[in-house]
Amino acid sequence: DAGVIQSPRHEVTEMGQEVTLRCKPISGHDYLFWYRQTMMRGLELLIYFNNNVPIDDSGMPEDRFSAKMPNASFSTLKIQPSEPRDSAVYFCASSSSMGRGETQYFGPGTRLLVL
Amino acid sequence: AQTVTQSQPEMSVQEAETVTLSCTYDTSESDYYLFWYKQPPSRQMILVIRQEAYKQQNATENRFSVNFQKAAKSFSLKISDSQLGDAAMYFCAYRSASNTGNQFYFGTGTSLTVIP
């Protein structure tokens, strides 16, 4: 299995620009999570989906952030407009509800720098 | 919500020695799972070990083992024969075993330095 795939791996943009981060979960996994990691705040859960439906988006910082999962194999996290404080590493992770104790598998992350 | 606490922001260990990283958690549930993840400088989050709360036996994966104290809500990670490649950030995580409990709760991490 290819694991969780994220793109791009690095993104540098200017304040005010739209940023779209992409994620392909592991095939067969029905949960998908978006996290943000910064030095100041650590690892934060932004939103997670079950069977393509958003379950909890309470971690989404503000209306500038939006996430979609149009199908079981693809999700996007969009920031519009971006701000320097959005600079962070964004992780996508997926897991399965089958079995017991199934762990979350993380993608390699997208390093976002907003100038 | 459940909370996971890692009280050691930084730890160091001599190569080939043993180190223990601490983790405590707060929950009212009786059935759950606990995990340790490793995050090296590459930033990739890698599962190190996991423990099922209903199992009394401590999980072991090669040089990595845990000391799971359910009553004390403690879940420490022991790394034996430390290697330079063990240098990383280590995160403790909790997950409920309930049908709706797929959300993970992470601690703030412990940065481990391995001294040659």
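Each reported figure results from applying straightforward, stated rules to the coordinates on display, with no laboratory input. Owing to the predicted nature of the structure, the values given are computational and were not obtained by experimental measurement. When we count neighbours, we look across all protein chains shown, and the Cβ atoms used for this are built from the backbone with ideal geometry, even at glycine.
Go through the stretch B:79-116 and give me each residue that's under 10 Å from the mean Cα position of the chain (by Cα) and either over 14 Å from B:Q6 (Cα atoms) or among the hydroxyl-bearing types (S, T, Y) (or both). I'd like the intermediate steps shown before the answer.
Going residue by residue through the stretch B:79-116, those that are under 10 Å from the mean Cα position of the chain (by Cα) are B:90-94, B:106-107, B:109-110.
Listed by number, the residues that qualify are B:Y90, B:Y94, B:T110.
Based on what the data block shows, is A:G107 touching a residue at least 60 places away in the same chain (Cβ under 8 Å), of a type outside the set (S, T, N, Q) and within 19 Å of B:F91 (Cβ to Cβ)? Quick ask: steps written out before the conclusion?
On the way: touching a residue at least 60 places away in the same chain (Cβ under 8 Å): yes; of a type outside the set (S, T, N, Q): yes; within 19 Å of B:F91 (Cβ to Cβ): yes.
Judged against the criteria, A:G107 is a match.
Do we have A:S58 as in a strand (DSSP E or B), within 14 Å of chain B (Cβ to nearest Cβ) and closer than 22 Å to B:A93 by Cβ here?
no
Where the second residue is assigned to a loop (DSSP other than H, G, I, E, B) and the first is among the acidic types (D, E) and lies in the stretch A:1-27, which pairs have Cβ atoms under 9 Å and are six or more apart or on separate chains?
A:D1/A:I26; A:D1/A:S27; A:D1/A:G28; A:E14/A:S82; A:E14/A:L115; A:E18/A:Q80; A:E18/A:P81; A:E18/A:S82
Within the stretch B:35-77, can you find the residues that are hydrophobic (A, V, I, L, M, F, W, C), more than 14 Å from chain A (Cβ to nearest Cβ) and in a strand (DSSP E or B)? Show your work before the answer.
Residues of the stretch B:35-77 that are hydrophobic (A, V, I, L, M, F, W, C), as a first pass: B:35-36, B:45-49, B:53, B:59, B:64, B:66, B:68, B:71-72, B:75, B:77.
Now narrow it down to the ones that are more than 14 Å from chain A (Cβ to nearest Cβ): B:64, B:71-72, B:77.
Within the stretch B:35-77, B:F64, B:L77 qualify.
Rundown of residues vs (1) crowded, with 19+ Cβ neighbours inside 10 Å; (2) more than 9 Å from chain B (Cβ to nearest Cβ); (3) basic (K, R), yes/no style:
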position	(1), (2), (3)
A:S27	no, yes, no
A:L32	yes, yes, no
A:L43	yes, no, no
A:E62	no, yes, no
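Can you work out which of the residues in the stretch A:61-115 that are in a loop (DSSP other than H, G, I, E, B) and of a type in the set (D, E, K, R) is farthest from B:L34 (Cα to Cα)?
Within the stretch A:61-115, the first condition is being in a loop (DSSP other than H, G, I, E, B), and the residues that meet it are A:61-64, A:72-73, A:80-83, A:87, A:96-104, A:107-109, A:115.
From what is left, the residues that are of a type in the set (D, E, K, R) are A:62-64, A:83, A:100, A:102.
Values: A:E62: 30, A:D63: 33, A:R64: 33, A:E83: 35, A:R100: 12, A:E102: 11 Å.
Filtering first and then ranking leaves A:E83.
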